[in-house]
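Here's the structure we're looking at; comments come further down.
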């Protein structure tokens, strides 16, 4: 993009020089003719990043540096194109030979014939463009969305989980078996395993039932990390343990969370728990979901004692008295003192030998002294209360003072988060949610939607700024509107490029669309600006468009080709981590190719349709 302004200026000087103008005069007039157009086109590219000041969160962090780099660089290139380039061109440009002119002349003659046909069939051309745009939108919808592209890193991580109650020795023995099998995979160079340590304090390896592995891969491997992950799962499928593999250690999932998260909000914990179990079943029945985890400790049970107030009152007891008596028997013990060991304080609790855990049957037989009609009576707890076992909670989580339970689900590698979420939402429509409770889809999809919404707002504001800059350039409301028509053309090419290459619409791809909206209008500005100059010289509408097309075809093709070639290596995704920016390059190349070809036909067609002849 840095050479675009210089290409347009030097090509215009080159043209005037070949028409017989003196070198110095050609340099001055050539730069002056094109100065307004390239200034406007540079400002349109810069202003697409201006709306970033109104965006918060991760989108702003990702784009600010890119926007500033592009803005400063393009302003410098504009200054060079209007000063240094004309100075050098006045002394170095020579006239072109007849042979050199003939080859490109054939291409110009072919383009002129095709443009005249397009101007005579305006409705058909515009209908085709609109149909392609609609088709590309459908293709983008089918492609799905992602927060960030999958990145093939030279590392992977893996976790081995043994059944509950396994001893550390059994876990280590299983780890040795797993390592032995993994060494059969050529692409894995080094395997590291660790257990305990700092992670133990967070409950990571309680009871010695888990071990984590760190895999270093061959950087010159010929297969993707996802294929290595599938090989690992196949090799360990027959083992009595659970193996989970993360195919990338490029910690992108830490930004968005991975997979689907379902949040159930409401008041009663029992109802929340029941809804969570139903949601778990719905997720497990959804195609593409590989593993569902409920945010509860399934092994944590509690005994609930519900006192019947009327029965208790008949025995001369209150609920508070019952609670106090039971608490005195099974309640938590108080510490008698604290001791310090290695700068840490520990409570000292004194227990009686008789202290032991109570079973449900033993609780039912607890006797409480009551007072019935002035006489002291022994009352069994089961006579005045119902005792039942229920699912317990290690903690109660709240969001804005509202209780909630969350579930997380991992996806199979061949499935897209957007497609799976849509399928789950369709299943959720048939589920009757109790009044006062809500089910929300969060996690990666929530962040994707928020980021894409921010970028879409940026795009709308950028287009408005582009339009205002062009209005100032052309002193007209109509000509800028015609040029804006190239933006959806570019989006058509970008969406089709994503569909053809099999990429989803990610935040990085949206940056490509954002950049495109500022870049593709440049060709239209150059084209329309020269058309208006020719019409002011007395040419009619059709001839002005044809001559402008022939004259500006060379710089339009050259600026597009230099940008496309500059992005070609990035679009191939070669090298470690290149997949991160690959969608940006694919969108930009597809959009530029499509918009450049159609700018040479659709823009003059729109101009011919909306402008009156002289």
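The values are calculated or read from the model by the stated rules, or taken from the named source; none is laboratory data. The model shown is predicted, which means the values in this text are computed figures rather than measured ones. Neighbour counts are summed over all protein chains in view; Cβ atoms, including those assigned to glycine, are modelled from backbone coordinates with ideal geometry.
The residues on offer are 80, 117, 151, 85, and the sole one that is at pLDDT 90 or above, on the phi < 0 side of the Ramachandran plot and surrounded by 17 or more Cβ atoms within 10 Å (Cβ to Cβ) is 85. Of all the listed residues (266, 257, 288), the sole one being buried (at least 18 other Cβ atoms within 10 Å of the Cβ), modelled with pLDDT under 85 and in contact with a helix residue (DSSP H, G or I) (Cβ under 6 Å, 6 or more places away or on another chain) is 288. When segment 160-170 is examined, which residues are found to be out of contact with any strand residue (DSSP E or B) (no Cβ under 6 Å at 6 or more places or on another chain) and closer than 21 Å to residue 232 by Cβ? Hits for segment 160-170 are 162, 163, 166, 170. Residues in segment 137-154 that are out of contact with any strand residue (DSSP E or B) (no Cβ under 6 Å at 6 or more places or on another chain) and more than 20 Å from residue 419 (Cα to Cα): 151, 152, 153.
Given the condition under 27 Å from residue 164 (Cα atoms) and either surrounded by 13 or more Cβ atoms within 10 Å (Cβ to Cβ) or at pLDDT below 80 (or both), answer yes or no: does some residue in segment 311-323 qualify? Before the answer, list the steps.
Of all residues in segment 311-323, those under 27 Å from residue 164 (Cα atoms) come to none.
No: segment 311-323 contains no residue that is under 27 Å from residue 164 (Cα atoms) and either surrounded by 13 or more Cβ atoms within 10 Å (Cβ to Cβ) or at pLDDT below 80 (or both).
Condition test on residue 550, is it outside any helix (DSSP H, G or I), over 22 Å from residue 74 (Cα atoms) and out of contact with any strand residue (DSSP E or B) (no Cβ under 7 Å at 6 or more places or on another chain)?
Working: outside any helix (DSSP H, G or I): no; over 22 Å from residue 74 (Cα atoms): yes; out of contact with any strand residue (DSSP E or B) (no Cβ under 7 Å at 6 or more places or on another chain): yes.
Answer is no for this residue.
Can you tell me which residue among 371, 352 is out of contact with any strand residue (DSSP E or B) (no Cβ under 9 Å at 6 or more places or on another chain), closer than 27 Å to residue 326 by Cα and either modelled with pLDDT under 80 or outside any helix (DSSP H, G or I) (or both)? Give the derivation first.
Details: 371 fails: out of contact with any strand residue (DSSP E or B) (no Cβ under 9 Å at 6 or more places or on another chain).
That would be 352, the only listed residue that is out of contact with any strand residue (DSSP E or B) (no Cβ under 9 Å at 6 or more places or on another chain), closer than 27 Å to residue 326 by Cα and either modelled with pLDDT under 80 or outside any helix (DSSP H, G or I) (or both).
Of all residues in segment 430-463 being touching a helix residue (DSSP H, G or I) at 6+ places or on another chain (Cβ under 8 Å) and part of a loop (DSSP other than H, G, I, E, B), which is farthest from residue 514 (Cα to Cα)? Restricting to residues being touching a helix residue (DSSP H, G or I) at 6+ places or on another chain (Cβ under 8 Å) and part of a loop (DSSP other than H, G, I, E, B), the top hit is 434. Among the criteria (1) at pLDDT 85 or above; (2) surrounded by fewer than 18 Cβ atoms within 10 Å (Cβ to Cβ); (3) over 28 Å from the mean Cα position of the chain (by Cα), the one residue 159 does not fulfil is (3). Whenever a residue of segment 47-66 is outside the structural domain of residue 512 (by TED's automatic domain parsing), its partners that are modelled with pLDDT of 70 or more and in a loop (DSSP other than H, G, I, E, B), lying with C-beta atoms within less than 7 angstrom and at least six residues away or across chains, give the pairs 63/49.
A quick yes/no check of all residues on (1) free of Cβ contacts under 8 Å to residues at least 24 places away in the same chain; (2) in the same structural domain as residue 583 (by TED's automatic domain parsing):
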site	(1), (2)
105	yes, yes
116	no, yes
132	no, yes
136	no, yes
149	no, no
160	no, no
164	no, no
172	no, no
